[in-house]
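The values are calculated or read from the model by the stated rules, or taken from the named source; none is laboratory data. In this text the structure is predicted, and so the values were computed from the model without any measurement. Ideal geometry is used to build each Cβ from the backbone, glycine not excepted, and the neighbour counts take in all protein chains shown.
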């Protein structure tokens, strides 16, 4: 079989660090690969190398060879016309640069060298873009601004963009992250249909159950190297280790709520996003919120933290009052993990500074931290298994490593409330277990949590309340009693 892409002893440097080391790998006609490995293994860097977005190190002596049009070349120019990459970084670029375009415009840009479609699209092109959107269940997003989309909505649009580019090879880096449970199966089926049509797939995922059935090969990565290759072997879902404490719902009697939302609507650009929200959070509670992409979950989190004010007539109270709070004082109540916060950090900021900034609830260090604050941040990195990355720029880390760093930032100052928006996205199995252990420790201390997830198997075993967001309305499913916890612990063993 023809070798379409061949890597021969390739090294890649980024931010002065070795991202890939001596990588040798070949993609042949008809093959579909899964790239597996822990956070920081180099999987995303490998996909960017294949896509031609980064270059082999000039002193490494290695070669990257393409044979996509019948002629061998080391230039990525042809590759960029035949290979499409969708990753978290793709999505981050849209938000970081504030590219304000409709879903249709974003999809059409798949046929352009840059982020914007050049010229006026023909009716035929618009029809093809709509077909790509139909495949990824994004037809209802064609007129919506990319800046107003939820993470899952943007992911569906950008997958349609990748499909619309008519790739011969499709590279997907954790492509189902952020998708609600109703979207994941049809999107996976759409990917399988693309494979059946002749498009070759190379993908990564920390949730093996999301992998398509037609994969043919797998490569295992560690510390920037491919350490093993084999025929594909399907795996089951990775589940977090169950906790073993008594997590019965605590009594609210004789206690005041930490946060109280009263009769709150949220209206943005004339659109009512949230409707009549009434909700309260007490110390030691863990409230889990699920719901479809675009239902208003992330807006609800911003309402709770005060970053999104309620419409006239509604109220949000922190520690019993809605008045007298500066933003800095208010943010000191919360430790936040979210994609939006992750995107706001300067990629050149060292990881240690990211975690240390949690003491000040800022997205950077604007004053000199104390020795104790820096020491606390270093201790937190050690607990997260990130101490060796303290001086590394935030942007040089893998998605999962950055997510773990944000968890450290969230809890380093011991806030009474953790706000966690799909915090497990991008975490490998070991990191997921460490994450849950840290959350359990914080829960035992009485820390309250507001936790959004699309993955039932990743709901913390100590969750006390369940809610569903349906078209901007928050519906409590029920408090989670000890019987539920016993059943859940048994199911996860």
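Miscellaneous remarks
- Residue match in region 384-393 (condition: more than 30 Å from residue 265 (Cα to Cα), touching a residue at least 60 places away in the same chain (Cβ under 8 Å) and surrounded by fewer than 21 Cβ atoms within 10 Å (Cβ to Cβ)): yes
- Residue list for region 400-437, filter: part of a helix (DSSP H, G or I) and touching a strand residue (DSSP E or B) at 6+ places or on another chain (Cβ under 8 Å): 403, 406, 407, 409, 410, 411
- Residue count for region 175-222, restricted to those that are assigned to a loop (DSSP other than H, G, I, E, B) and within 14 Å of residue 84 (Cα to Cα): 2
- Hey, residue 113 at pLDDT 90 or above and over 23 Å from the mean Cα position of the chain (by Cα) or not: no
- Taking every residue in region 428-457 that is without any contact (Cβ under 8 Å) to a residue 40 or more places away in the chain and pairing it with any residue that is outside any strand (DSSP E or B) and surrounded by fewer than 19 Cβ atoms within 10 Å (Cβ to Cβ), at least 6 positions away or on another chain, the pairs with Cβ-Cβ distances below 9 Å are 442/414; 445/414.
- Residue 118, sole failed condition from (1) over 20 Å from residue 50 (Cα atoms); (2) touching a helix residue (DSSP H, G or I) at 6+ places or on another chain (Cβ under 6 Å); (3) surrounded by fewer than 19 Cβ atoms within 10 Å (Cβ to Cβ): (2)
- Candidate set: region 181-197, residues that are farther than 17 Å from residue 47 by Cβ and free of Cβ contacts under 8 Å to residues at least 24 places away in the same chain; chosen: the one surrounded by the most Cβ atoms within 10 Å (Cβ to Cβ): 192
- Test for residue 40: is it part of a loop (DSSP other than H, G, I, E, B), over 22 Å from the mean Cα position of the chain (by Cα) and modelled with pLDDT under 95: no
- Any hit, region 84-92, residues being loosely packed, with under 15 Cβ neighbours inside 10 Å and touching a strand residue (DSSP E or B) at 6+ places or on another chain (Cβ under 9 Å): no
- Condition met for residue 418 (in the same structural domain as residue 291 (by TED's automatic domain parsing), within 21 Å of the chain's Cα centre (by Cα), crowded, with 22+ Cβ neighbours inside 10 Å and farther than 23 Å from residue 37 by Cα): yes
- Condition met for residue 178 (crowded, with 18+ Cβ neighbours inside 10 Å, under 30 Å from residue 444 (Cβ atoms) and at pLDDT below 95): yes
- Qualifying residue in region 27-39 (condition: crowded, with 17+ Cβ neighbours inside 10 Å, in contact (Cβ under 8 Å) with a residue 24 or more places away in the chain, out of contact with any strand residue (DSSP E or B) (no Cβ under 9 Å at 6 or more places or on another chain) and not assigned by TED's automatic domain parsing to the domain that holds residue 431): yes
- Of the helices (runs of 4 or more DSSP H) entirely within region 307-359, those holding at least 3 residues that are over 26 Å from residue 256 (Cβ atoms) occupy 339-344, 351-356.
- Region 52-102, subset in a loop (DSSP other than H, G, I, E, B), in contact (Cβ under 8 Å) with a residue 60 or more places away in the chain and touching a helix residue (DSSP H, G or I) at 6+ places or on another chain (Cβ under 7 Å), residue nearest to residue 156 (Cα to Cα): 87
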